[in-house]
Amino acid sequence: MAKVRGAIVVDVEKCKGCGVCVPACPSNVIELNKEVNGKGYHYSFMARPEACTGCTNCAVVCPDGVITVYRIKIPS
Ligand code: SF4
Ligand code: SF4
């Protein structure tokens with residue numbers, strides 16, 4: 001069985017730092033950055049990228065649709 005790993009890309013300038021995606025991730029991947037984007041918002045990022053399964057929960061709950069999820073199969 002091939003394992004599936006995920007990765008997310010956050011559209012940093014469109015993120016408003018609401019934090020809704022942080023508890024939505026069952027793998028505890030996402031945190032809000034200490035840095036801010038051009039609008040002064042603490043945008044989300046992958047704090048623990050190795051734990052992402054590509055489940056898409058974060059993208060579904062983001063009210064602004066700024067998260068894109070990628071899934072990759074890793075041959076075992
Ligand atoms: S795709 Fe799933 S595991 Fe990956 S960051 Fe989003 S909610 Fe977490
Ligand atoms: S839910 Fe969307 S807008 Fe809110 S912090 Fe997460 S990525 Fe940013």
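Just so you know, all these numbers are worked out from the coordinates, no wet-lab data involved. Since we're looking at a predicted model, the values are computed, not measured. Because the Cβ atoms are built from the backbone with ideal geometry, glycine has one as well, and the counts that use them run over all protein chains shown.
Whole-Hz Karplus values for the stretch 6-12 come out as x, 8, 10, 10, 9, 6, 3 Hz, taken residue by residue from phi with 6.51 cos²θ - 1.76 cosθ + 1.60 and θ = phi - 60°; glycine and proline positions read x. Globularity index of the chain is 1.10 (Cα radius of gyration / 2.2 N^0.38 Å, N = number of residues).
Backbone phi angles across the stretch 46-61, fed through the Karplus curve with coefficients 6.51, -1.76 and 1.60 (θ = phi - 60°), yield HN-Hα couplings of 7, 6, 10, x, 5, 8, 6, 9, x, 5, 6, 3, 4, 5, 5, 7 Hz in residue order; Gly and Pro are listed as x. For the stretch 4-55, the set of GluC sites (Glu not before Pro) satisfying both a DSSP loop assignment and a count of at most 16 other C-beta atoms within 10 Å is given as Glu35.
Using C-alpha pairs under 8 Å with a sequence gap of at least 6, the mean separation divided by the residue count of the chain gives a relative contact order of 47 percent.
Under 17 Å from a label point 7 Å along Cα→Cβ of Tyr70: give me every residue in the stretch 16-53 with its amide N that close. So the set is 45-53. Across the stretch 66-76, computed HN-Hα scalar couplings (Karplus, 6.51 cos²θ - 1.76 cosθ + 1.60, θ = phi - 60°) run 9, 9, 10, 10, 10, 10, 10, 8, 10, x, 9 Hz from first to last residue, x flagging Gly and Pro. For the chain, trypsin sites (Lys or Arg not before Pro) meeting the loop criterion (DSSP other than H, G, I, E, B) and having at most 14 other Cβ atoms within 10 Å: Lys34, Lys39.
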